[in-house]
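Structure first, then comments.
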């Protein structure tokens, strides 16, 4: 009996230990790894806000324990060392007496001219032709994608050549799913008309997307007026409103475990100037964001400090700029033009002349853009927002033809629906063999 008892006890112990080991092995397989792809593809100094958005996200992911080799970063880099940046080599996501430099420690895997549509798509698909770091995730891993760009209907504008059309982006995500490159995927798209990028995301591939706005509106900037860092006036915008809200919210340790659904509700409630939307597979809406951004591991993991009450709220006490009522009326819903107009009115000497020229040049450019599209608007139907793009080749020709003449114009994107409607009607338009040039 004693032998039988011990034999049974030993067997029970062994089985128990085997279950424990098996459980740990299964947990390891189920949890998988976390990966992220971050992209700021805008060109020029005034894409400062885009680069600050991505840099802050990088810091937030690293604080969550995501290893650097699992974060793939695309950054044009123009604003960081531009002579107009009063703090060369540094980026700030919000004003204050001593706010953190969010660029500190950021590793850009694709820089300058290597930030292309082709490399971005290759990196997402794990294709070595990208020439740099690529996604090496598998079916057990969770992946986060964050894109910040100048927007246009159904397009992420790279400003360096080819643009990324919504259909190609969605097709790439579908291929990632088909090739078992993720278990769950969350996407944040920051740009004007962001809703048009993800509106056709499949609803059954465990991919969930947040868009900064709908398919017909621009996306607001923030920290643009009365904005000082270290007693220095920042003559540009530090952040995009949607991006700042979701990044700052998740960068608070106690809020990292919020669900996708709760995060959407927070953003939709707290951003009222534009409609934050979501697309894709709602079956994963109750997942915790920690499964994508990691758990809080301590603010000392990087040299960037945890935001303190002082750096968040104690702004430099300076005489604020009071917006000119004339400027506000003249440039309604355009905070950059309101600020430029007000500063041009209130400045003196050489500074006043410089600002007045900058303002008059922008006004003249916008009038020329208005006239250009007025000439194309030969049918009322062209002014209706389209359901999609039939010929991306024609759309590319139209945008290139415009850009070659006027340069990149964020103002002009409000008219790009005209391009799409003309191309949907006649795919050979804009130099493709038709009379419309």
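At-a-glance table
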quantity: Expected 222 nm ellipticity per residue - DSSP helices of 4 or more, -39500 (n - 2.57), all of the chain, to 500; calculated: -12500 deg cm²/dmol
quantity: Alpha-carbon radius of gyration plus Dmax, which is the widest Cα pair, for the range 25-140 in Å; calculated: 15.6, 53
quantity: Length released on extending from residue 334 to residue 426, taking residue separation times 0.36 nm less the Cα-Cα span; calculated: 29.8 nm
quantity: Tilt relative to the chain, helix 416-425 - C-alpha long axis, 0 to 90 degrees, to 10; calculated: 80
quantity: Å³ per residue enclosed by the Cα convex hull of the range 333-437; calculated: 106
quantity: Nitroxide proxy distance, nm - points 7 Å out along Cα→Cβ at residue 350 and residue 69; calculated: 5.2
quantity: Share antiparallel - DSSP beta bridges, the range 19-162, percent rounded to 5; calculated: 20
quantity: Cα→Cβ-extended label distance, 7 Å offset, between residue 374 and residue 107, nm; calculated: 5.4
quantity: The range 53-82-the range 188-245 distance, computed between alpha-carbon centres (Å); calculated: 16
quantity: Choice from 81, 296, 48 with maximal GNM fluctuation in the chain (Cα, 10 Å cutoff); calculated: 81
quantity: Ranked list, fewest to most other Cβ atoms within 10 Å of each Cβ, for 118, 113; calculated: 113, 118
quantity: Residue with peak Gaussian network fluctuation, the chain [Cα springs, cutoff 10 Å], from 212, 52, 398; calculated: 398
quantity: Beta bridge orientation in the chain: antiparallel %, DSSP, nearest 5; calculated: 35
quantity: Cβ-based exposure ranking for 125, 354, in which fewest neighbours within 10 Å come first; calculated: 354, 125
quantity: Nearest-ten-degree value, helix 392-406 long axis tilted from longest Cα axis of the chain; calculated: 50
quantity: Pairwise Cα inverse-distance average, inverted: Kirkwood Rh of the chain (Å); calculated: 23.6
quantity: Helix axis angle, 335-346 relative to the chain longest principal axis, alpha carbon, degrees; calculated: 50
quantity: Gyration tensor verdict on the range 146-268 (Cα atoms; rounded if a/c is under 1.5, prolate if a/b is larger than b/c, oblate otherwise); calculated: oblate
quantity: Ranked list, fewest to most other Cβ atoms within 10 Å of each Cβ, for 425, 159; calculated: 425, 159
quantity: Extended-chain gain in nm, criterion 0.36 nm per residue less alpha-carbon gap, residue 385 and residue 404; calculated: 4.4 nm
quantity: Potential extension, residue 411-residue 233 segment - 0.36 nm per residue separation minus Cα distance; calculated: 61.6 nm
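Read-outs throughout are calculated quantities, based only on the coordinates presented, and are distinct from any laboratory measurement. Note that the coordinates shown come from a computational prediction; the quantities given were computed from them, not determined experimentally. So basically every Cβ, Gly included, is an ideal-geometry build from the backbone, and we count neighbours across all protein chains shown.
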